[in-house]
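What follows is a short report on a single structure.
Derivation of every value follows stated rules applied to the coordinates shown; laboratory data play no part. Since the structure is predicted, the reported quantities are computational estimates derived from the model, not experimental observations. Cβ sites come from the backbone with ideal geometry, for glycine too, and all protein chains shown count toward neighbours.
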Amino acid sequence: MAAGGSAARVASVPHPTAGNAPILVELQSVAKTYVSRDGTEVDAVRPIRFDIGNGEFVAIVGPSGCGKSTLLHMIAGLTRPTAGQILLQGKPILGTRHDIGIVFQDPVLLPWRTVKENVLLPAAVRKSVLSSASARAAELIDLVGLSGFENKYPSELSGGMQQRVGIARALLLDPSLLLLDEPFGALDSMTREQMNVELLKIWSESRKTVVLITHDINEAVFLADRVLVMSARPGRIVNVHTITLPRPRTVSMIGSPEFGALSQAIRADLYAPRGDNS
Ligand SMILES: Nc1ncnc2c1ncn2[C@@H]1O[C@H](COP(=O)(O)OP(=O)(O)O)[C@@H](O)[C@H]1O
Ligand SMILES: [Mg+2]
């Protein structure tokens, strides 16, 4: 992890975890089978049952192609499940909605719009009152550490900065749920570590429920309350690890025996032969 004062930037706001928080999201035997044009079926996600607590930080790890993005897209309402349903605050998710924010691996910024204009995009699309959205955008740009860059264009930003714009944009409409699909996968390891610390700060300050897909086990352990491990395709849950590390998390915890043991346990699940842990 990045050294140098990062720990002090992690706010010490206590957070509810799975055990005591009301449920925000319910995955009720959710499954997805894609049907290609020639009629071939691809089982992407086997029926998954899982509840996410309000304010919880859940990380999902699993091999490439195991259905992680499919699962996240179903939660976002971008893809309909072929079986089961997903509830947000007790109501089925039937399509995209402003109370769910999503950040993709590629931040997909509009190159002809400034940082602030990109952050404001969801408000422009929904024709929300732009004056209040503008004030909110300024707050979020500050929250993600981009003050002073409001009027820059994406081509003038580093990859990490572009990803921060994507996160601010996803938070603009104040979603109760923030979904992140390998958002830092393309970043160098130092920037990635800094982004992890930033993300913890954002989570603490905005008090969102977060679901993060990552292929980095240490990132999952450092950030999450629970880490859900998926099997190779068709994806199913092989294990759920409760991360017992105290909060606020600091980079110094990464070298601790407890951190190492948690990472190792997750790694063991990922590399277990199929059929184990089922
Ligand atoms: N739109 C689609 N049509 C057909 N197959 C798809 C589609 N999207 C994903 N898949 C397949 O579903 C499986 C899971 O994909 P994905 O959810 O992207 O996995 P992951 O994010 O874990 O890498 C893969 O085999 C992929 O090829
Ligand atoms: Mg994916």
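Counting neighbouring Cβ atoms within 10 Å and putting the fewest first, the residues H241, H98 line up as H98, H241. Loop-located chymotrypsin sites (Phe, Trp or Tyr not before Pro) in the stretch 89-171 (DSSP state other than H, G, I, E, B) with a sparse environment of at most 16 neighbouring Cβ atoms within 10 Å: W112.
In order along the stretch 157-164, phi translates into HN-Hα couplings of 10, 6, x, x, 5, 4, 5, 5 Hz, rounded to whole numbers, per the Karplus curve 6.51 cos²θ - 1.76 cosθ + 1.60 with θ = phi - 60° and x for Gly and Pro. Distance distribution P(r), the stretch 185-271, all Cα-Cα pairs, bin width 10 angstrom from 0: 15, 50, 32, 4 percent. For the stretch 200-242, which trypsin sites (Lys or Arg not before Pro) are both in a DSSP coil and crowded by at most 15 other Cβ atoms within 10 Å? Within the stretch 200-242, the qualifying trypsin sites (Lys or Arg not before Pro) (loop, at most 15 other Cβ atoms within 10 Å) are R207.
Spin-label model, T40 to S132: label points 7 Å out along the Cα-to-beta-carbon direction sit 5.0 nm apart.
Given K32/K116; K127/K208; K68/K91; K152/K201, which pairs have Cα atoms separated by over 26 Å?
Numbers: K32/K116 36 Å; K127/K208 24 Å; K68/K91 22 Å; K152/K201 24 Å.
Distance filter (> 26 Å) returns K32/K116.
Any chance you could run the full-extension gain for K152 through L110? It's 0.36 nm times the residue separation minus the Cα-Cα distance, nm to one decimal. Taking 0.36 nm per residue and subtracting the Cα distance, the gain is 13.9 nm. In order along the stretch 21-35, phi translates into HN-Hα couplings of 8, x, 6, 9, 10, 10, 9, 9, 6, 7, 9, 9, 10, 7, 10 Hz, rounded to whole numbers, per the Karplus curve 6.51 cos²θ - 1.76 cosθ + 1.60 with θ = phi - 60° and x for Gly and Pro.
By the count of other C-beta atoms within 10 Å, a proxy for reagent exposure, D51, D174 are ordered fewest to most as D174, D51. For L24, nonlocal amide neighbours, meaning residues 5 or more places apart or on other chains whose placed amide H falls under 5 Å from its own, are I52, G53, N54. Centre-to-centre, using Cα atoms only, the stretch 20-78 and the stretch 80-138 are separated by 19 Å.
Tell me the Kirkwood radius of the chain: reciprocal of the mean inverse pair distance over distinct alpha-carbon atoms, in Å. Show your work: numbers first, answer last.
Working: mean 1/r = 0.0518 Å⁻¹.
Final number for the Kirkwood radius of the chain is 19.3 Å.
Annotation for the stretch 254-272 versus the stretch 182-199: alpha-carbon center distance of 20 Å. Across the stretch 69-80, computed HN-Hα scalar couplings (Karplus, 6.51 cos²θ - 1.76 cosθ + 1.60, θ = phi - 60°) run 5, 4, 4, 5, 5, 5, 5, 6, x, 7, 10, 8 Hz from first to last residue, x flagging Gly and Pro. What residues from the stretch 31-69 fall in the zone where the backbone N is under 16 Å from a label point 7 Å along the Cα-to-C-beta line of R80? Zone members listed by number: 31-36. Provide the percentage of antiparallel DSSP beta bridges, counting only those with both residues in the chain; round to the nearest 5. DSSP beta bridges in the chain are roughly 50 percent antiparallel. For Q105, the amide hydrogen comes within under 5 Å of the amide hydrogens of D181, counting only partners 5 or more places away or on other chains and with H modelled in the peptide plane.
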